[in-house]
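Engineer: Sending over a structure as structure tokens; questions will come in a sec.
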Amino acid sequence: MKTLAFLPLLVAVATPVGAQDMPKVSATPPERISQLTVFGSDPCPRSTGDEIVICARMPENERYRLPKRFRNKPKSDQPAMAWGARSLDLEYVNRQGLPNSCNTGGSNGQTGCFQQFLAKARAERDYDRRQASPDAP
């Protein structure tokens, strides 16, 4: 009999404070808004149910054009670089630290420095041979 006396107290403790003050949620969903752009004399679609349709009308000659923000971009002063030259630049920059790269950082630099040294030595030797014999091409 004593446990029944504490039942209203347990129910009051289990109910969150302020639950009675919470706003009621309506059963209807919020309105749906559609924003469209129509061109020329195309009709604006009619709204159905809770949907709101907003139409912006543009002239017919704008139908297949690029948007204004993408038209007439100012040309840069720098001429366009060919993709082959750009890829060589990227390859040179990304080569640091790879084998045959000739840099002071990493364990792969010494092989590239030696390769460059050999290439310069061969070029100097070929130049000296060409200078020594005037009939050589």
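Engineer: Amide H to amide H under 5 Å from C55: which residues, 5+ apart in sequence or cross-chain, H placed 1.01 Å off N in plane?
Structural biologist: Long-range HN contacts for C55: L36.
Engineer: For M58, what is the net charge nearby, where nearby means another residue's Cβ is under 12 Å from its Cβ and Lys, Arg count +1, Asp, Glu -1?
Structural biologist: +1
Engineer: How large is ³J(HN,Hα), in whole Hz, for each residue of the range 118-125 in order, when computed from phi with the Karplus curve 6.51 cos²θ - 1.76 cosθ + 1.60 and θ = phi - 60°, using x for Gly and Pro?
Structural biologist: Per-residue couplings from phi come out as 5, 5, 5, 5, 4, 5, 5, 4 Hz.
Engineer: If you add up the charges near S47, with Lys and Arg at +1 and Asp and Glu at -1, over every other residue whose beta carbon is less than 14 angstrom from its beta carbon, what do you get?
Structural biologist: Local charge sum for S47: -1.
Engineer: S87 to K120: FRET efficiency via 1/(1 + (r/R0)^6), r the Cβ-Cβ distance, R0 35 Å, to the nearest 0.05?
Structural biologist: Working: r = 25 Å, r/R0 = 0.71.
So the FRET efficiency works out to roughly 0.90.
Each reported figure results from applying straightforward, stated rules to the coordinates on display, with no laboratory input. Note that this is a predicted model, so its numbers are computed, not measured. Every residue, glycine as well, gets a Cβ built from its backbone with ideal geometry; the counts of neighbours run over all protein chains shown.
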